[in-house]
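Reviewing the structure listed below.
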Amino acid sequence: MNIRVAESAGFCFGVNRAVNMVYSLINENKKVCTFGPIIHNMEMVHELEEKGCYSVSNLNDVPEDSTLVIRSHGVPFEITEDIKKSGILCADATCPFVRKIHNIVNNESIDGRTILVAGNRNHPEVKGIISHCKGELFTFNNEEELQEIANNFLIEKNRPISVVAQTTFDTKEWKKCLKTVKKVYTNAKIFDTICNATAVRQNEAQQIAAKSDLMIVIGDRHSSNTRKLFDICKRKCNNTFLIETAKELDLSALKAAKSIGVTAGASTPSRIIKEVLDKMSEEIKSSVTNENEESFEALLEESLKNLNTNERVKGVVVSIDPTAVYVDVGRKQTGFIPADEISNDPTVLPQDAVKIGDELDLLIMKTNDQEGTIMLSKRRVDAQKGWEELEEKTETKEVLTGKVAAAVKGGVSVIYNNVRIFVPASQAAVSKNTNLEELVGKEVKFRLIEVSQRGRRKQAVGSIRSVLMDEINKKRDEFWQSVEVGKEYTGIVRSIENYGAFVDLGGVSGMIHISELSWQRIKHPSEVVKVGDEVKVYIKNINEETHKISLGYKDPNSNPWEILKRDFPVNTVAKVKIVGLTDFGAFANIIPGVDGLIHISQIANKRIEKPSDVLKVGDEVEAKITVIDLEKKRVSLSIRALLPQEEPPKDEEVKVAEFSDDTSENTPAVVTEKALTDKAVEKAPVKETPVEVATEKTSQETSDADSETPADEETTAE
């Protein structure tokens, strides 16, 4: 007879967490009640009732001074809000994987997307999911129901779709539904939210059922995941039974079977699984002959190995080599510890971990009487010793220090006190974009979140992020106590957007607007800084209400106007480049960031119709700086001042112009002086006489297009 027991049978992470939370409160002598049955297993519910923990369905029924535990399925959003308002003491045991779905549904519906949920609408978990939706939502149990929704509602509306699944949804049915989703909705976002433990449990049950002529599924009939396991096994093994306790075993079917498979739902306690297996042992042993009894015992023992503790021994180190440590365990066999069973840290060498003469606590892994050897493990005993300490530190939230051993699927593993702690990717760093490989080999501070056990398997989950956030919050508090406008800081560029760069000032972020990154106009902040750059900034502005900080970054020493003032004072002759032409003049670049205006009257030493008659964009010419207005950021230039003055013809009116370098003015103001009369010309001596010309001020002087006349410009008339 062959018996196979699924390794994944029994409590999942979320259920184990919820049950442990209840027991922990009971052990603290606190009054405890649960909102609905803590799990879908009445045996466990009755066991908790015997300890004084009852379930309630209404908040008004919560006894005074009791702690209300929210079960792993979660509760509707409205219930959590009512709990907060009522002031009831609450311990939230909602499975993290379920809470993740709540967040997805909430965010996606706020973005205007229609939500599709694969699951039973009447299941407590799905009810909670539905309550977090802010818009349109549909549920479906199979491919047919999904197609019906598509035909009747969503195709016509052509709305964007987001799809999630109940954590215990049938993985095979989910794959079929996804084909329909991808075919019908090209704009669908799919979130595979089926719990990984559920997928593993279902796959393992299917494989075992396919090799068995009798399949036993243990669990409560009200449990959704147990019923799904039964359906999955039934497809592969027609002789499949769903039982809640050992009393329901079909003894006749048991005795007739040659190959038996056993699995259990996520809410089935290991105690019940053990009772079923013990009952199977008793019944089968009574029906086999003495000659087969010994072989049956061996088969059953092998099947139960995941539920029993292996033997511990003490050993003394007698020799060490690079691949193993050899020990004397007081038996005829030679004891050896493979290198990978010495420590949970794969980088530790045998000779560094132990020395000859050390007495070690060891776990027997395998005995080979034929070869006369016993394979032992030190790391597993060390790990077992550390679990009690870990459970304590989970409660105290103490900050621990460990070494990151490896980047694994979904996060990193940290070694602490010879125990491997799993840190999910979301808890491994503050930023989601952190490369987890870079953490390997580093000492990190972390805090334990959960220590759970499923059968013989234990798992510790930690958070590096929570410690980092504490440090950031401390720095943030210190920052806000001392921050003030004008204060300088050195920060790190953490992200770049089209409109600016965000800088980490040590727990607090500030933004350098794109206009503050350079004195010259730039198209994107990446032209000046990149992520990871260390920059020196100063506080430009603080919004006390929103705690938003505007940063200044421009270096005053690189201010082009200061450079102009220092290196190009009035009357300096500079080589300039024509960058623009208008009817009233030409704009020329003096230095990067500063352009000046050459008025049409200052382009040549003779009258011209338009600037383009003399100049074109790209020309490089010499010009004299005649006016610098730092306040208005204006510069006037003159080419004419560097040219020999041409004598104007007699009897011609002389035009004197004031100009503005504001491009909004298309026509300069012109003041015309009367020509001298013929008679005056005849009598007056012929010579050049300076004439001061005054123009009447207008309201235009108050605008940005003020006309300006260089102070050193003179107009002569004959």
Tell me yes or no: at least one residue of region 647-660 is basic (K, R) and at pLDDT 85 or above. no
Residues in region 183-201 that are outside any helix (DSSP H, G or I), under 30 Å from F11 (Cα atoms) and at pLDDT below 90 total 4
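Here's the yes/no breakdown for (1) modelled with pLDDT of 90 or more; (2) not assigned by TED's automatic domain parsing to the domain that holds N122:
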site	(1), (2)
I149	no, no
Q166	yes, no
V181	no, no
L214	yes, yes
R221	no, yes
K228	no, yes
K234	yes, yes
Of those in region 25-48 that are polar (S, T, N, Q) and farther than 19 Å from P96 by Cα, the residue modelled with the lowest pLDDT is N27
Would it be correct to say that T114 is under 24 Å from the mean Cα position of the chain (by Cα), modelled with pLDDT under 90 and buried (at least 22 other Cβ atoms within 10 Å of the Cβ)? no
Restricting attention to region 499-522, report how many residues are assigned to a loop (DSSP other than H, G, I, E, B), closer than 26 Å to D595 by Cα and not basic (K, R). 5
If I filter region 462-474 for residues that are assigned by TED's automatic domain parsing to the domain that holds S426, closer than 25 Å to L436 by Cα and in a loop (DSSP other than H, G, I, E, B), do I get at least one hit? yes
Given (1) closer than 13 Å to S550 by Cβ; (2) modelled with pLDDT of 85 or more, number of the condition E516 does not satisfy: (2)
Which of the residues belonging to region 105-157 are without any contact (Cβ under 8 Å) to a residue 60 or more places away in the chain and among the polar types (S, T, N, Q)? N106, N107, S109, T114, N122, S131, T139, N141, N142, Q147, N151, N152
Looking for something of a type in the set (S, T, Y) and either under 30 Å from A641 (Cα atoms) or loosely packed, with under 13 Cβ neighbours inside 10 Å (or both) - is there at least one such residue anywhere in region 576-584? yes
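If I ask for residues that are in a helix (DSSP H, G or I), in contact with a Ser or Thr (Cβ under 8 Å, 6 or more places away or on another chain) and not charged (D, E, K, R), which ones from region 49-78 would you list? Full working, then the answer.
Initially, region 49-78 is screened for residues in a helix (DSSP H, G or I), giving 49-50, 59-61, 77-78.
Next, from what is left, pick out any that are in contact with a Ser or Thr (Cβ under 8 Å, 6 or more places away or on another chain): 59, 77-78.
Hits for region 49-78 are L59, F77.
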Among (1) of a type in the set (K, R); (2) crowded, with 22+ Cβ neighbours inside 10 Å; (3) more than 30 Å from I216 (Cβ to Cβ), the one test that R71 misses: (3)
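Suppose the filter is buried (at least 16 other Cβ atoms within 10 Å of the Cβ), modelled with pLDDT under 90 and outside the structural domain of I522 (by TED's automatic domain parsing); does S638 pass it?
No: the conditions fail for S638.
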Return the residue satisfying two criteria in turn: it lies in region 523-547 and is outside any loop (DSSP other than H, G, I, E, B) and without any contact (Cβ under 8 Å) to a residue 24 or more places away in the chain, and of such residues it is surrounded by the fewest Cβ atoms within 10 Å (Cβ to Cβ). N543
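Which residue, of V184, V200, is within 29 Å of G74 (Cα to Cα) and in contact (Cβ under 8 Å) with a residue 12 or more places away in the chain?
One residue alone meets the criteria, V200.
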Any residue at all in region 120-129 that's basic (K, R) and touching a Ser or Thr at 6+ places or on another chain (Cβ under 8 Å)? yes
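Conditions tested, residue by residue: (1) modelled with pLDDT of 85 or more; (2) under 30 Å from N16 (Cα atoms).
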{"residue": "V414", "(1), (2)": "yes, yes"}
{"residue": "S426", "(1), (2)": "yes, yes"}
{"residue": "V430", "(1), (2)": "no, yes"}
{"residue": "K442", "(1), (2)": "yes, no"}
{"residue": "R447", "(1), (2)": "yes, yes"}
{"residue": "K458", "(1), (2)": "no, yes"}
{"residue": "S482", "(1), (2)": "no, no"}
{"residue": "E488", "(1), (2)": "yes, no"}
Taking the stated definitions as given, is N27 under 27 Å from L229 (Cα atoms) and surrounded by fewer than 22 Cβ atoms within 10 Å (Cβ to Cβ)? no
Give the number of residues within region 421-453 that are hydrophobic (A, V, I, L, M, F, W, C) and either assigned to a helix (DSSP H, G or I) or surrounded by fewer than 19 Cβ atoms within 10 Å (Cβ to Cβ) (or both). 6
Please verify whether I115 is part of a helix (DSSP H, G or I) and in contact with a Leu (Cβ under 7 Å, 6 or more places away or on another chain), treating the condition exactly as stated. no
In region 576-594, anything at pLDDT below 90 and either hydrophobic (A, V, I, L, M, F, W, C) or in contact with a Ser or Thr (Cβ under 8 Å, 6 or more places away or on another chain) (or both) is listed as I591, V594
Members of region 78-134 that are under 26 Å from C33 (Cα atoms) and among the small types (G, A, S): S86, G87, A91, A93, G128, S131
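Taking region 186-211, which residues are farther than 26 Å from V105 by Cα and charged (D, E, K, R)?
Here is the first cut: in region 186-211, the residues farther than 26 Å from V105 by Cα are 203-211.
Listed by number, the residues that qualify are E204, K211.
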Boolean, A405 is at pLDDT 85 or above and either surrounded by fewer than 19 Cβ atoms within 10 Å (Cβ to Cβ) or farther than 29 Å from K314 by Cβ (or both): no
Whether any residue in region 246-255 is modelled with pLDDT of 90 or more and not β-branched (V, I, T) is what I want to check. no
Would you tally the residues in region 127-145 being surrounded by fewer than 23 Cβ atoms within 10 Å (Cβ to Cβ), hydrophobic (A, V, I, L, M, F, W, C) and in a helix (DSSP H, G or I)? 1
Name the residues in region 32-52 that are within 38 Å of the chain's Cα centre (by Cα) and more than 19 Å from D220 (Cα to Cα), would you? V32, C33
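The values are calculated or read from the model by the stated rules, or taken from the named source; none is laboratory data. These figures come from a predicted structure and were not determined experimentally. Neighbour counts run over all protein chains shown; Cβ positions are idealised from the backbone, glycine included.
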